[in-house]
Every structure is written in structure tokens, then in C-alpha cells.
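*Asks:* One structure is given below, represented as C-alpha cells, and several questions about it will come after.
The values are calculated or read from the model by the stated rules, or taken from the named source; none is laboratory data. Just so we're clear, the structure is a prediction, and the values are computed from it rather than from any experiment. Virtual Cβ from ideal backbone geometry, glycine too; neighbours counted across all protein chains shown.
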Amino acid sequence: MKFFAVFITLLFAAPVTPLMAQTDTTFTYQGELSESGTAANGTFDMEFSLWDSTNGGIRFGPPVQLMDVLVHEGIFAVALDFGAYAFDNSMRWLEISVDGVILSPRQVITRTPYAIQTRGIHVNEDLKVGIGTTALEDSRVTIRSPTTGGAIIARTDNVNATTISAYQQALTGTGRALLASNANADGYAGVFIGGRNYFEGNVVF
């Protein structure tokens, strides 16, 4: 039996099948399956695996195996979950097998329209966030700038507002509310521009 799949809807938020437990990294994949040139009908065993290349390459996590997937007039939808680590803003391809037959070619995973504005943001399994990087440090948020420009630029036009507020919730210990450093020995850890440039609190050198 010859199968051919053309995937017509790639990613959207709400899973529509109870075939697997739902997590916050689950997404729905909808497609069209033909059998010997005609729209398939019935139930089929399907296996989905995620790769970093159209051929060969590295597979991310174990395959997702779904039994008795319902296909009606060629259309089916499944819930898939490869975890947060599988998606780091790099290209990914989905390999599908139906009743043990591997379909070719692999299907490229594309972004949903709303996800386009999240490119450059990476969240790992521990809910640590990287902006401009997937190499997360021991902090909740890691921001890495390109070779030019600053990592963070903060501005407010409210004359009574605080532009950046840092607070350390610790009554004991040696934690810091704000730490500035520069790897360049001739560089500056902090530069103050404007009037009334001073710290309130303890300054230790």
C-alpha cells in the first residue's frame, strides 16, 4: 500500500485529539493523507520524529507513536510534543511513518503567524528565558546582544518613573540587587550621564 501525505496546516495552539497527555509544549499537526492516489479513510498507526535536516541529521528526542489515528476523507490531526529543547529557532523537519511506511520527503516545521514575533526568544524546560541566545546562564533571563549595540536599552518618558528597578529579596547573605561588570580591563562597568549622578545606599569597591 502506497501512502502520500500533504500537510495543509502546520502548527496551531489548541490540540484536538486526546491520544496523548497535554503539556504546555504540545502542538497540533494537521495533514492530508492519500492511499494509492485517493483520500485515505479509516484508522492508521502513525509515528512522528523531529530532525534538524531534510535527510539524515540529528533526531530530537524519542519518536511520538500514535495508534489508531482517525483519518476522514484524507484529513487527520494529531497532538505532538517534543519538549521545549527541540525548538531553539533553528530549522526543524518532521518525519512521519504510517503503518510502518516512512513518508518522503520530511515536512518542514514553519511558524504560526503570531509566533513570528517571538523569534530570537528561547525558553528551556526549566522555564529559563534566553533573548538572542540559547546558551542560558544560571539566571532566569539571559540577554545576549549582537556584536554591535547594547544588550539592554531602557527608557521612560515619565518624569516621575524609575527607568530600571532592581530588588533583592534577601535579609541575609551576600546577594546583589544589581551587578555590573566588564570583561575589558580598560572598559567601564558603569557610566553615568546627566545630572545628579549618584548611588543611594552602600557602595563597595
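*Asks:* Output the number of the condition that Leu80 fails; it satisfies all remaining conditions of (1) modelled with pLDDT of 75 or more; (2) touching a Ser or Thr at 6+ places or on another chain (Cβ under 9 Å); (3) over 30 Å from Thr43 (Cβ atoms); (4) of a type outside the set (Gly, Ala, Ser).
*Replies:* (3)
*Asks:* Next question, about the same structure. Hey, can you tell me all the residues within the range 140-184 that are under 20 Å from the mean Cα position of the chain (by Cα) and surrounded by 10 or more Cβ atoms within 10 Å (Cβ to Cβ)? Steps first, please.
*Replies:* The initial filter retains those residues of the range 140-184 that are under 20 Å from the mean Cα position of the chain (by Cα), namely 140-146.
Selection gives Arg140, Val141, Thr142, Ile143, Arg144, Ser145.
*Asks:* Kindly establish whether Ile96 is modelled with pLDDT under 90, closer than 18 Å to Phe48 by Cβ and buried (at least 17 other Cβ atoms within 10 Å of the Cβ). Before you say what the answer is, go through the steps one by one.
*Replies:* Working: modelled with pLDDT under 90: no; closer than 18 Å to Phe48 by Cβ: yes; buried (at least 17 other Cβ atoms within 10 Å of the Cβ): yes.
No; evaluated as a whole, the condition is false for this residue.
*Asks:* Out of curiosity, is Ser104 modelled with pLDDT of 80 or more, under 32 Å from the mean Cα position of the chain (by Cα) and surrounded by 10 or more Cβ atoms within 10 Å (Cβ to Cβ)?
*Replies:* Working: modelled with pLDDT of 80 or more: yes; under 32 Å from the mean Cα position of the chain (by Cα): yes; surrounded by 10 or more Cβ atoms within 10 Å (Cβ to Cβ): yes.
It is true that Ser104 is modelled with pLDDT of 80 or more, under 32 Å from the mean Cα position of the chain (by Cα) and surrounded by 10 or more Cβ atoms within 10 Å (Cβ to Cβ).
*Asks:* Additional query: Quick one: count up the residues across the range 120-132 that are closer than 20 Å to Thr25 by Cβ and surrounded by 10 or more Cβ atoms within 10 Å (Cβ to Cβ).
*Replies:* Residues in the range 120-132 being closer than 20 Å to Thr25 by Cβ and surrounded by 10 or more Cβ atoms within 10 Å (Cβ to Cβ): 9 in total.
*Asks:* Still on this structure, I have one more. Give the number of residues within the range 57-77 that are small (Gly, Ala, Ser) and at pLDDT 95 or above. Please lay out each step first, then the result.
*Replies:* Filtering the range 57-77 down to residues small (Gly, Ala, Ser) leaves 57, 61, 74, 77.
With at pLDDT 95 or above added as a condition, the list becomes 57.
Number satisfying all stated conditions: 1.
*Asks:* Continuing with the same structure: Among the residues of the range 24-73, count how many are among the polar types (S, T, N, Q), free of Cβ contacts under 8 Å to residues at least 40 places away in the same chain, under 16 Å from Ile102 (Cα atoms) and assigned to a loop (DSSP other than H, G, I, E, B). Steps first, please.
*Replies:* Applying the first criterion (among the polar types (S, T, N, Q)) to the range 24-73 yields 25-26, 28, 30, 34, 36, 38, 41, 43, 49, 53-55, 65.
Adding the requirement that they be free of Cβ contacts under 8 Å to residues at least 40 places away in the same chain leaves 36, 38, 41, 43, 65.
Going one step further and asking which of them are under 16 Å from Ile102 (Cα atoms), we end up with 36, 65.
Subsequent filtering for residues that are assigned to a loop (DSSP other than H, G, I, E, B) retains 36.
Result for the range 24-73: 1.
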